[in-house]
Structure formats: C-alpha cells, structure tokens
Amino acid sequence: MTEKKTAVPRPDTINGLVAGIYGPMAMLAGMRLDVFTPLKDGPMDAAALGAALGLDPARVAPLLYALVNAGLLTVADGVFANTAESTAYLVKGERRYMGSSHEAYSDLWGAMLHTAESIRAGRPQCMHDFSEMSRDELATFLRGLDAGANAAGRKLVKDYGLAEFRHLLDVGGGSGGLARAVCEAVPGLDATVTDLPTVADLARAFNEKAGFADRIRILANDTVAAPPEGTYDLAVLRNFLQVLGPDQARAALIHVGQVTAPGGTVFIIGRVLDDSRLTPADTAGMNLVFLNIYAGGQSYTESQHRAWLAEAGFEDMTRAEIAGGYSILRARKAG
C-alpha cells in the first residue's frame, strides 16, 4: 500500500510575523529622529530633510521609504510628505503630539526581547520598580507616558463630559498628564494625583512646568497599602491595576472605594481582557511586556475587574473598548 503524503504547509504565518516588525521599528526611528516635524511646512526630498535634521541624506532615505510603507509618509518623485495622521500626532508643537512616546516604546519593546529568559528564570528580567529607579530613568519613563496620559484625559472629557464633577483623584497618575488634560477642559474641577514618593516628586516638576500647581495637588501615597487622604466624587485609575499582582489590585480598589463619595464615579482605563483571555489581541499580547517588567502585573479579565469593583462598593459597571486594545470601565459608588 502506498503511504499518503501529507502536504507541507507554507510558512506564511511565520514570514508574515517576521515582516511585521519593520513598520513599528521605522516608526520608532522616525519619532526618535523627529523626521515628521520639518515636514510640517511642506514636502521635502531626502537631501533637504537630511539637511534640516543634520543627518546624512543617504542614510535617511531608506528610513523614509520604510515610513512610506508603514503608512506614515507619502512619496511622489522622491519627495516625501507627512500623512494627515503624522501631522496631527507626530509633529512637535501639535496639541495631540505623541512623538515623545518613543521613550516608552523603546523601553517596553526592548523588554519583550527577554520574554523567554523571564519565563525561564521565573522573574522579570527588565523589572520596573518605580521606587528603586534612578531619578533620570524614572523621568525618562514618565516623559514617554505623558502624551498617552494626556490623550486619555481628553478622551474621558470627550466621551463622558465630566462637567458634574468637582474633585478628581488620579490614582497612580505618574506625570499627571491625565489630570492636566481633564482640568484644562473642565474649569470647575480640581485634581489630586497620587503616586509613590519617588514618582510624586517628579510629578510636581511636571505640574509646575505646565502651570497647574494651583489646581492639581500631588500627593505621595501607596494606594495599595492605604487610602489617600480626602474624599472625591471622581476617581481614575489609568494603566494602574495592570502593574500590580491580583491581591494588590484588589487592595488598591478597596482603598479607592473608601475615599470615593457615595454616588461618585470610578473610571479604570487600561488593558482589560475578555474572559476568553484571547481578545483584544493587543491586550493579550501586552502580557508579554508585563512578564518582563512586573513581578505580578498583567492584563486582567473583565470578570476579575467586576469582582474587585463590587467588593470595593461599586456597582453599575459598564465597559467600552477603545483604540489600541484599551478599555474604559465605568462604575458608580453605591449609596
């Protein structure tokens, strides 16, 4: 009897994954070199752009063509221009500028290269301990996250208004970017940003530089260990629970519940998994980063968040999925 041969599949998935790395790396290099800002005044060829950046045009050109393939530039007869998206988000001075995020991307994407070693060793190989980082390391990390925090604040105001609130608690607020965006858009609201003492010290500098010292209080507090002082009708936890182990996340939410006024609102913005743990795909993938930088942090499921919120005294939870695999969970304090 002739044995039937099984067809060998093509390595299309593998090849696609390999090719997928070039776009993100081109974007990262473009952000670091600030390629997009000189193009705000009009298209340029590689020679003109290289001169504007003080770089060798022969070495800039391959990056420019890679950015065209990545969808961040256009090209016609060797002359390059920003796309509308690049103009809005990657040109310095624009209100929605995200170019400074390259510092965070470099840090987080670099950490993912150590995933196998972190799993093998049973501990993160690129541990982010915010209480132990040097001031310079921490400042770099916070700068990289500030644009995203600011965008999250604008998103909250756009989608939920927030005009009825008067006292915002931004838990683990880092640079204070979210609180600044909300306070800028909602004149009648004041904010308190809480974080570890090392982070709070830098947050004060961010806050004073931005001119919000009179409306945003910076409070050193470990919300896992104890509730912050004060009472608030609005609390926001952005990218906070995911840095903690499950017992720590539960404790932090209980403490937030203790300082949220009855009828007050909490928003959790971050990586929330569907209960299948497969989707959103961006969120499931982000757990590879968390394996490398946090001892116990991870993307938690919606069911886990619901259970913690209920224990902390919140009810009426809703979830809205937003761009990039993020979710906004909203809940109301009972009473």
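The values are calculated or read from the model by the stated rules, or taken from the named source; none is laboratory data. Everything numeric here is computed off the predicted structure, so don't read it as measured data. Neighbour counts run over all protein chains shown; Cβ positions are idealised from the backbone, glycine included.
One table, with the values for the structure above:
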| read-out | value |
| --- | --- |
| Complete set of residues in segment 200-209 that are in contact with a Gly (Cβ under 6 Å, 6 or more places away or on another chain) and either in contact (Cβ under 8 Å) with a residue 40 or more places away in the chain or of a type in the set (Lys, Arg) (or both) | 203, 206 |
| Residue selected from segment 29-87 under the condition at positive phi and of a type in the set (Gly, Ala, Ser), by the criterion surrounded by the fewest Cβ atoms within 10 Å (Cβ to Cβ) | 54 |
| From the options 293, 328, 269, residue that is within 26 Å of residue 107 (Cβ to Cβ), touching a Pro at 6+ places or on another chain (Cβ under 7 Å) and not acidic (Asp, Glu) | 293 |
| Selection count, segment 250-279, where residues are outside any strand (DSSP E or B) and either surrounded by fewer than 23 Cβ atoms within 10 Å (Cβ to Cβ) or modelled with pLDDT under 95 (or both) | 13 |
| Checklist (1) in the same structural domain as residue 322 (by TED's automatic domain parsing); (2) among the small types (Gly, Ala, Ser); (3) at pLDDT 90 or above; (4) part of a helix (DSSP H, G or I) applied to residue 86, failing item | (1) |
| Qualifying position, being assigned by TED's automatic domain parsing to the domain that holds residue 154 and either over 28 Å from residue 293 (Cβ atoms) or modelled with pLDDT under 95 (or both), among 64, 49, 108 | 108 |
| All positions within segment 1-55 that are in a loop (DSSP other than H, G, I, E, B), touching a Leu at 6+ places or on another chain (Cβ under 9 Å) and either of a type in the set (Val, Ile, Thr) or without any contact (Cβ under 8 Å) to a residue 24 or more places away in the chain (or both) | 35, 37, 55 |
| Residues of segment 287-321 satisfying the condition of being in contact (Cβ under 8 Å) with a residue 40 or more places away in the chain, in a helix (DSSP H, G or I) and among the hydrophobic types (A, V, I, L, M, F, W, C) | 288, 289, 290, 291, 293, 308, 309 |
| Some residue of segment 99-117 being over 23 Å from residue 62 (Cα atoms), surrounded by 14 or more Cβ atoms within 10 Å (Cβ to Cβ), of a type in the set (Ser, Thr, Tyr) and in contact with a helix residue (DSSP H, G or I) (Cβ under 8 Å, 6 or more places away or on another chain) | yes |
| Restricting segment 228-247 to residues that are buried (at least 17 other Cβ atoms within 10 Å of the Cβ) and assigned to a loop (DSSP other than H, G, I, E, B), the residue that is farthest from the chain's Cα centre (by Cα) | 228 |
| Residue in segment 191-204 that is more than 24 Å from residue 311 (Cα to Cα), at pLDDT 95 or above and not β-branched (Val, Ile, Thr) present | yes |
| Residue within segment 121-139 that is crowded, with 20+ Cβ neighbours inside 10 Å, under 14 Å from the mean Cα position of the chain (by Cα), assigned by TED's automatic domain parsing to the domain that holds residue 288 and touching a residue at least 24 places away in the same chain (Cβ under 8 Å) present | no |
